[in-house]
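Heads up: the structure comes next, in C-alpha cells.
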Amino acid sequence: MKLFRPLKRNLLTQGFGKKNTLPSTMPFYKELKMDGHNGWDWGATIGEKLYWNCGSLGTVIELSLDERVGLGIVIVSQDGNTYFKHIFWHLSKILCKVGDIVGSGDLIGLTGNTGQYSTGPHLHWGLKKCNNMNWTLDYQNGYKGAIDPTPYFQNIFIGDYMASLQTQLRLLKQLIKLWKDFIKLKVGRL
C-alpha cells in the first residue's frame with residue numbers, strides 16, 4: 001500500500017508515537033490512555049482541500065460529528081489480506097458520504113479546527129491496521145490501535161502523483177501509436 005500527502009502543503013507539525021510527542025502534551029495523551037500521539041498532524045488553514053491519499057480504492061464507512069474530535073471521516077482500504085482504517089479529524093466540512101468508494105486524489109473534505117481536542121487549524125491523520133473485515137484492532141498497543149504510517153508513506157502530494165501518472169500514461173499511448181505506425185510502415189513496404 002502506498003500513502004501520499006493528503007494536503008497540498010507539506011507541513012507536518014506532529015508525528016506518530018512517544019518520540020514525536022511534545023513532553024508538555026504527554027499528560028493529555030496519558031489521560032486518553034495512550035503512550036503518545038496516535039497519528040500525524042498536518043498544519044493547515046481552515047478550508048484547505050483534503051484528498052483521499054491512498055494508492056488503493058477506499059470505502060467510506062463512518063462520518064463523525066463527535067464533539068471531542070470534531071468532524072471526521074473513516075475510510076477503509078485493502079492491501080492483500082490486510083485492511084486499513086484511515087482516519088481524518090478536525091474537518092470544517094465533509095464532502096463524502098458513508099458507502100462512497102473513493103479513488104486516489106478524490107476530494108473528501110476541507111480542513112478545520114473542530115472538536116474539543118483540536119489545538120488550532122490542522123488535519124489529524126491516523127492509520128489503523130486490521131486483520132479482517134470486522135476491522136479488529138490491537139487496542140492494547142498503546143495508541144488505541146493506530147500504527148505509524150511511515151513504512152507506507154511516499155512524501156509527494158497525491159494530486160502531483162496522479163498528474164505524474166497521467167503524464168506517463170499519455171507518453172505510453174504516444175509510444176504505442178508510434179510503434180503501430182512503424183509496424184504499418186514496415187508491413188506496407190513488404
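Every read-out reported here was derived from the displayed coordinates using simple, explicitly stated rules and does not represent laboratory data. This one's a predicted model, so the numbers in the text were calculated from it and none came from an experiment. Note that we place each Cβ from the backbone using ideal geometry, even for glycine, and neighbour counts take in every protein chain shown.
Between residue 174 and residue 153, what is the label-to-label distance in nm when each label sits 7 Å out along the Cα-to-Cβ direction?
It is 3.5 nm.
Provide the convex hull volume over Cα atoms per residue for the chain, in Å³. Can you show the working numbers first?
Numbers: hull volume 26.8 nm³, N = 190.
That works out to 141 Å³ per residue.
Could you list, in their original order, any pairs among 33/85; 8/173; 8/85; 30/85; 33/129 whose Cα atoms are separated by more than 26 Å? If you can, show how the numbers build up before the last one.
Working: 33/85 20 Å; 8/173 28 Å; 8/85 22 Å; 30/85 23 Å; 33/129 19 Å.
Those over the limit are 8/173.
According to a simple spin-label model (label point 7 Å from Cα along Cα-to-Cβ), what is the distance in nm between residue 26 and residue 166?
With each label placed 7 Å out from Cα toward Cβ, I get 4.7 nm.
Say we join alpha carbon atoms closer than 10 Å with springs in a Gaussian network model of the chain; which of 28, 153, 84 then has the biggest fluctuation?
Looking only at 28, 153, 84, the biggest GNM fluctuation is shown by 28.
Compute the angle between helix 158-189 and the longest alpha-carbon principal axis of the chain, please, reported from 0 to 90 degrees and rounded to the nearest 10.
10 degrees
For residue 93 paired with residue 183, estimate the spin-label separation in nm (one decimal), with each label point 7 Å from Cα along the Cα-to-Cβ line.
4.9 nm
Out of 172, 127, 57, any idea which swings most in a Gaussian network model of the chain, alpha carbons joined below 10 Å?
Of the options given, 172 has the highest mean-square fluctuation.
At 222 nm, what helix-only mean residue ellipticity would the chain give, in deg cm²/dmol to the nearest 500, using -39500 (n - 2.57) for each DSSP H run of four or more?
Working: 2 runs with 38 residues, N = 190.
Result for the chain, helices only: -7000 deg cm²/dmol.
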